[in-house]
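Down below is the structure, laid out as structure tokens.
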Amino acid sequence: MKPLVDPFGRTFCYLRLSITDVCNFRCQYCLPNGYKRQTEEPELSQSEIRRIIHAFSEVGVWKIRITGGEPTVRSDFLDIANTISSIPNIRKVALTTNAFRLAQLAKDIKRAGISAVNISIDSLNPEQFHQVTGKKMLDKVLAGVDEALNVGLSPIKVNVVLLKHINDHELDLFLDWVRYKPVSVRFIELMQTSDNKDYFNHHHLSASVIRDRLVGAGWVRAQRESGGGPAVEFKHPEYSGSIGLIAPYSKDFCASCNRLRITSRGALRLCLFGTANHPLRHLLKSDSQKEELKEEIINLLYRKKASHFLHDGQVGNMANLSTVGG
Ligand code: SF4
């Protein structure tokens, strides 16, 4: 099968599928005022999702990440996961969640064919967690991590948006946690979107601060996994878990781009910070449109740019990360 390749020779095996833009959290850097419906257009139906994943699976995509908003707020979330994991050529199905339902759903999530889970935890301090997310749910979220480990979901990755003056002092807390917890904690540089400029200017911190502390403490860089995301992983012999860094502002961050995104309304985003949503929904009406859909996807790849242009202050047309699941 001919892989999906862009004009820069990058191969795309990984698709991030947003199944809803609804989220029940109010993270300060994303939805500080909570979720507000932006459109009357309904979210992708299960048959539309089956058709779009089928098409991508026949042009070289084998890893699907189910994202949101918060994907587990959709009542048919497990059915969607089942549908995706049963499609031939799809070898890996992962989930990104804020884990508010993870403790109760972990077993069903595994049974639905999801193997890997990314969980957003911006602080291990209950008050700080509440301040960032607007929710007093740290205990529930941590119970979700433990249950996910118990049922054998793996790998378990924890996403921490690195926030100056808020959680940048918590590295030791997270290090103590991964000494015995076999999870990968990844510090993600705060990214500017079209509506968080002031917050970004006040709280953005380069991940190099964390990197220097890790290297200084004997952590060593680990191999990147096949189909892996953008994280640079570090390991230490005395720790069960690992630490990852996702640094979109770092040099050559986009050189290894391997992922595309589908919004919850069926549009293709060639880049997280792109300026366009390329509608595909008109090609999801019947199974007979599959070849036309595959051709459209292959043609759209020619429009992919070499990188984001965040350094030039170009943040694209994305109001907040919940619209495309980061
Ligand atoms: S910013 Fe865009 S080009 Fe860069 S890695 Fe992310 S999706 Fe790819």
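The values are calculated or read from the model by the stated rules, or taken from the named source; none is laboratory data. None of these values were measured; they are calculated from a predicted model. Reconstructed Cβ throughout: ideal geometry from the backbone, glycine too, with neighbour counts over all protein chains shown. These accessible areas exclude ligands, DNA and RNA; they are computed on the full protein's heavy atoms, side chains included. Shrake-Rupley method; radii C 1.70, N 1.55, O 1.52, S 1.80 Å.
Take the Cα radius of gyration of segment 218-272 and divide it by 2.2 N^0.38 Å, with N its residue count; two decimals is plenty.
1.44
Please report, in debye to the nearest 20, how large the charge dipole of segment 259-303 is about its Cα centre when each Lys and Arg carries +1 at its beta carbon and each Asp and Glu carries -1 there.
With only Lys, Arg, Asp and Glu charged at Cβ, the dipole is about 280 debye.
For a quick check of understanding: with a 1.4 angstrom probe and all protein chains in place, what accessible area in square angstrom does PHE8 have, to the nearest ten?
110 Å²
Can you list the aspartates and glutamates whose alpha carbon sits under 18 Å from that of LYS305, skipping same-chain ones fewer than 8 residues off?
ASP6, ASP252, GLU296
Using a Debye calculation, one point per C-alpha and no hydration shell, please list log10 I(q)/I(0) for the chain at q = 0.10, 0.12, 0.15 Å⁻¹ in order.
Here log10 of I(q) over I(0) equals -0.55, -0.81, -1.35.
Ordered by residue, what ³J(HN,Hα) values in Hz, to whole numbers, does segment 67-80 give under the Karplus form 6.51 cos²θ - 1.76 cosθ + 1.60, where θ = phi - 60° and Gly and Pro are x?
Whole-Hz 3J(HN,Hα) from phi for segment 67-80: 10, x, x, 10, x, 6, 7, 6, 5, 9, 3, 5, 5, 4.
Take the eigenvalues of the Cα gyration tensor for segment 209-326, scale each by 5, and report the square roots as semi-axes in whole Å, largest first.
35, 17, 12
By how many degrees, 0 to 90 and rounded to 10, does the Cα axis of helix 138-150 deviate from the longest principal axis of the chain?
70 degrees
Using helices alone, what [θ] at 222 nm do you get for the chain, with -39,500 (n - 2.57) per DSSP H run of 4 or more residues, divided over all residues and rounded to the nearest 500?
-8000 deg cm²/dmol
Read phi for every residue in segment 23-39 and hand back ³J(HN,Hα) as whole Hz from Karplus 6.51 cos²θ - 1.76 cosθ + 1.60, θ = phi - 60°, with x for Gly and Pro.
Values per residue, Gly and Pro as x: 9, 9, 9, 10, 4, 4, 8, 10, 10, x, 9, x, 6, 10, 4, 9, 8 Hz.
Quick one: which residues, 5 or more positions from LEU163 or on another chain, have an amide H under 5 Å from its amide H? H modelled 1.01 Å from N in the peptide plane, none for Pro or chain starts.
ASP168
Taking 0.36 nm per intervening residue step and subtracting the Cα-Cα distance, what contour gain separates ARG281 from PHE8 on full extension?
95.6 nm
Viscosity 1.002 mPa s, temperature 20 °C: what is the translational diffusion coefficient of segment 32-141 from Stokes-Einstein with a Kirkwood Rh over Cα pairs, rounded to a whole number of µm²/s?
The calculation lands on 139 µm²/s.
Compute log10 of I(q)/I(0) for segment 282-326 with the Debye formula, placing one identical point scatterer on every Cα and leaving out solvent, at q = 0.17 Å⁻¹, to two decimals.
The Debye formula, applied to the Cα set alone, gives -0.75.
What whole-number value in Å² describes the accessible area per residue of the chain for a 1.4 Å probe?
43 Å²
What is the ratio of the Cα radius of gyration of segment 7-61 to 2.2 N^0.38 Å, with N the residue count, to two decimals?
Compactness ratio reported: 1.54.
Students sometimes get this wrong: rank ASP122, ASP172 by accessible area, probe 1.4 Å, all chains present, largest first.
ASP172, ASP122
Sorted by accessible area with a 1.4 angstrom probe, largest first, how do SER226, SER45 fall?
Of SER226, SER45, the descending order of accessible area is SER226, SER45.
Percent of Cα-Cα pairs more than 18 Å apart in segment 147-255, please.
51 percent
With θ set to phi - 60° and the Karplus curve 6.51 cos²θ - 1.76 cosθ + 1.60, what are the ³J(HN,Hα) couplings of segment 197-204 in order, to the nearest whole Hz, using x for Gly and Pro?
Computed from phi, the couplings for segment 197-204 are 4, 4, 4, 4, 4, 7, 10, 5 Hz.
How far apart, in nanometres, would the label points at LYS136 and VAL209 be if each is projected 7 angstrom from Cα along the Cα-to-Cβ direction?
2.9 nm
On the accessible surface of the chain, probed at 1.4 Å, how many percent belong to carbon and sulfur atoms?
50 percent
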